[in-house]
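Take a look at the structure set out below.
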Amino acid sequence: MPRYAYDLVLTGGRVIDPQNDIDAVLDLGIKDGHITAVSEGISGEKAREIIDLEGDLVFPGVVDSHVHVGRGRGVGYRMTAAVGVTTMVDFGSTMDDFLAGFGERGVGQTVGALYPINRELSDRDAPQGEIAGLVDEALAEGSLGIKIVGGHYPLTPETTSEIISAANERGCYIAFHLGTTETGSHIEGVREIPELLGDNRMHVAHANSYCRGMVESPAEEILETMQLLDRLDEQVVAESYLGTINGTSGSCSDGKPDSHVTRNCLTMRGYSPTQDGLRQAIADGYGNVRVEYGGRMVLVTGTEGVKLWEEKDTDMSMSFPVNSPQATFTAATAKNEEGEFIVDAISTDGGANPRNVAVERGMALVRYGALTLSELADKLSAAPADMFGLKQKGHLGEGADADVTVIDPDVGLTRMTIAGGRPIMLDGVILGCGGTVITTAEGAPAVQEAGFSSLVAEAEQGRLYR
Ligand SMILES: [Zn+2]
């Protein structure tokens with residue numbers, strides 16, 4: 001058997017790798033899951049397989065910094081692989097839920113999960129010892145960090161602040177869907193950040209989504225949010241998404257939606273924030289329930305939507321078309337006085353939520369002139385890899401993991417997704433299976449014991465922050 005220098009060579013594509021300052025037509029040589037050569041004219045004779053990418057864009061594999069693929073949402077793996085995602089972080093799954101789904105439905109990507117602090121804790125305020133114990137437990141089970149689901153299931157400011165402190169003390173990644181019992185998932189939740197954060201650090205989830213015009217106009221709200229995030233640049237990382245629909249829960253108890261976000265959506269359009277109001281909103285085509293159909297999640301509304309929602313006793317994921325295009329555009333493109341992006345990354349908050357539009361709408365922003373290709377690759381890949389301490393990802397330098405997203409520039413869509421040197425999606429067909437779990441040094445033993453390969457995020461100075 002001949003010995004090959006490369007398992008795979010990708011030839012003739014335009015390589016966009018901002019971290020290594022590359023924008024040029026080059027070949028990539030891949031061996032044992034890593035990039036081992038980036039140069040012109042790599043000889044095909046040395047390769048086991050060659051893929052000709054002439055005319056295509058070659059991006060570092062997309063790192064989606066905010067998705068939902070756990071808790072019965074495993075269909076999200078196929079949906080994200082179809083749009084170029086090679087690495088992602090689930091924003092709110094226990095490790096049991098996450099690993100069960102990933103083992104069953106993984107398609108070859110590298111995925112971590114943040115432990116959700118949500119409804120159970122919000123019904124009663126937990127004493128400090130319990131919070132610290134919760135953080136330790138989450139890390140030991142293999143969670144990459146924790147997420148406070150405040151906007152949906154608010155905690156008091158005191159408890160919220162204690163969780164942020166407890167996570168920071170342990171160097172545990174902490175993400176926050178803004179909002180407490182005193183504010184909400186809107187601009188007042190943004191205004192509350194400095195008080196809750198103190199000297200700590202955190203990840204502000206979906207920076208665009210607090211600017212739907214609930215208090216001021218979307219234009220004023222997004223400007224205020226950008227100013228505050230810029231001021232807190234040293235302490236905060238953030239992503240934003242480009243989708244029009246949101247993601248929330250349709251679940252109701254005692255005649256009311258459990259999620260405060262769902263209540264907001266109803267109030268915004270003049271519906272009563274009750275179960276009856278929600279039924280009417282679905283019947284009218286404003287509320288959409290999500291169901292799996294044909295290997296993906298689709299939105300259903302109107303009479304059929306109401307029927308499905310009632311069959312499930314209201315316990316369904318939902319979406320409303322509430323995002324302001326002005327806010328999503330500004331969050332994706334705004335820069336500070338130094339010319340740096342205020343919001344670090346473009347995410348989707350998608351996965352099983354059918355709004356995995358980061359590449360598609362990111363390419364539209366490039367065509368519009370709002371981002372360069374290098375800036376887009378930075379926001380889709382380099383910056384989010386850095387956010388989670390993934391040094392082998394987010395770039396295409398020698399030694400990097402061979403994660404590649406191939407984009408057809410004519411239509412602005414992903415054509416091929418390569419993870420660890422293997423194509424996992426080609427022209428819409430999913431080819432991959434299994435995957436790797438992103439965890440911390442503390443969680444790696446639990447992940448391996450569960451039978452998964454693990455990637456340990458490399459903390460800077462003991463923290464998972466840049
Ligand atoms: Zn989310």
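Laboratory data are not the source of any read-out in this text; all were calculated from the coordinates shown. Every value quoted in this text rests on a predicted model; they were computed, and no experiment measured them. We place every Cβ from the backbone using ideal geometry, glycine too, and count neighbours over all the protein chains shown.
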Inset, instruction - Starting from the Cα of K335, draw a straight line to each of the lysines and keep only those under 26 Å, dropping any in the same chain fewer than 8 residues away. - result: K379, K391, K393
Inset, instruction - Quantify how much of the Cα-Cα distance distribution of the chain extends past 34 Å, in percent. - result: 30 percent
Inset, instruction - For the range 1-139, restrict the atom set to alpha-carbon positions and state the Rg and Dmax in Å. - result: 20.7, 66
Inset, instruction - Using a 10 Å cut-off on Cβ atoms, rank the peptides 57-63, 315-321 from the highest mean neighbour count down. - result: 57-63, 315-321
Inset, instruction - Let me know the charge dipole size of the range 63-387 about its Cα centre in debye, to the nearest 20, where only the beta-carbon of Lys, Arg (+1) and Asp, Glu (-1) is charged. - result: 1280 debye
Legend entry - Furthest towards positive pole of dipole, I163, T348, V237, structure part the range 63-387, Cβ charges: T348
Legend entry - Distance from the range 32-82 to the range 178-206 (C-alpha centre basis), Å: 36 Å
Legend entry - Fraction of beta bridges assigned by DSSP in the chain that are antiparallel (%, nearest 5): 50 percent
Inset, instruction - Count neighbours as other Cβ atoms within 10 Å of each site's Cβ, and list the GluC sites (Glu not before Pro) in the range 47-153 that are DSSP loop with at most 12 such neighbours. - result: E54
Inset, instruction - Quick one: which residues, 5+ away or cross-chain, put their amide H under 5 Å from the amide H of S217? H built at 1.01 Å from N. - result: none
Inset, instruction - Only loop residues by DSSP count here, and only those with at most 16 other Cβ atoms within 10 Å; note down the GluC sites (Glu not before Pro) in the range 362-466 that meet that. - result: E398, E458
Inset, instruction - Determine which aspartates and glutamates satisfy two conditions relative to K46: a Cα distance under 12 Å, and not lying fewer than 8 residues away in the same chain. - result: D7
Inset, instruction - Identify all lysines with a Cα-Cα distance to K307 below 20 Å; exclude those on the same chain that are fewer than 8 residues away in sequence. - result: K256
Inset, instruction - List, in order, the whole-Hz ³J(HN,Hα) value for each residue of the range 233-239 obtained from phi through the Karplus relation with A = 6.51, B = -1.76, C = 1.60 and θ = phi - 60°; use x for Gly and Pro. - result: 3, 6, 10, 10, 10, 8, 10
Inset, instruction - Could you line up L178, L431 from fewest to most neighbouring Cβ atoms inside 10 Å? - result: L431, L178
